[in-house]
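Before any comments, here is the structure.
Readers should treat all values here as calculations from the given coordinates under stated rules, not as data from a laboratory. Every value quoted in this text rests on a predicted model; they were computed, and no experiment measured them. Note: ideal-geometry Cβ built from the backbone for every residue, glycine included; neighbour counts use all protein chains shown.
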Amino acid sequence: MRVGLGMDFHRLVQGRRLVLGGVVVPHELGLAGHSDADVLAHAVCDALLGAARLGDIGRHFPPADPTFKDISSTELLARVRELLEGRGFVPLQVDAVLVAERPPVAPHAASMEARMAAELGLLPEQVSVKATTSEGMGALGRGEGMAAWAVALVRTSEEYPRT
């Protein structure tokens, strides 16, 4: 088994929808980015890639590549799963935390867990989404952006035994 850590930050801006964990969350601002800027899914992607020693999300889905312009981050999760499987790994569990002053995440957490789990071939019980605030401190506390951290556990596939 291997563990990976991922983190991501995005600014909040006018004129974009807010997508978190593959779920559109009602809010007057959205996250800026080349893809749909789903900060939570991006942190999960990096955690999974890190666990398998496959680099980071920018290496596989570069922001300069027009192929990934406005792509759904749940599509990126599915592609990360394929990358892992190609290297003989399967995800086992994901634990993620979103840092945002608002909107409240708790009403959407179960939907986020289910959406990301579906893309990763996991049960919703194998994905945990939590949220916290930064207690008004710094740029995140002023509501200028959001951040997310994630930890992922992967194991080797029985098809690719490792010693």
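Label sites at residue 64 and residue 92, each approximated as a point 7 angstrom past Cα along Cα to Cβ, lie 3.8 nm apart. For the chain, the ratio of Cα radius of gyration to the globular rule of thumb 2.2 N^0.38 Å stands at 1.00.
Comparing Cα centroids, region 74-131 and region 12-68 end up 12 angstrom apart. With a Förster radius of 22 Å applied to the beta-carbon distance between residue 102 and residue 128, the computed FRET efficiency rounds to 0.55.
Dipole check for region 2-156: with +1 at the C-beta of Lys and Arg, -1 at the C-beta of Asp and Glu, and the Cα centre as origin, the magnitude is about 200 Debye. Between 0 and 90 degrees, the angle of helix 73-86 with respect to the longest Cα principal axis of the chain falls at about 20 degrees. Taking the convex hull of the alpha carbon positions in region 81-163 and averaging its projected area over all directions gives 6.6 nm². Label-to-label distance, residue 158 versus residue 27, with points set 7 angstrom from Cα along the beta-carbon direction: 4.1 nm. Database remark: amide H of residue 27 closer than 5 angstrom to the amide H of 18 (H placed geometrically; neighbours at sequence offset of 5 or more, or on other chains; Pro and chain starts carry no H).
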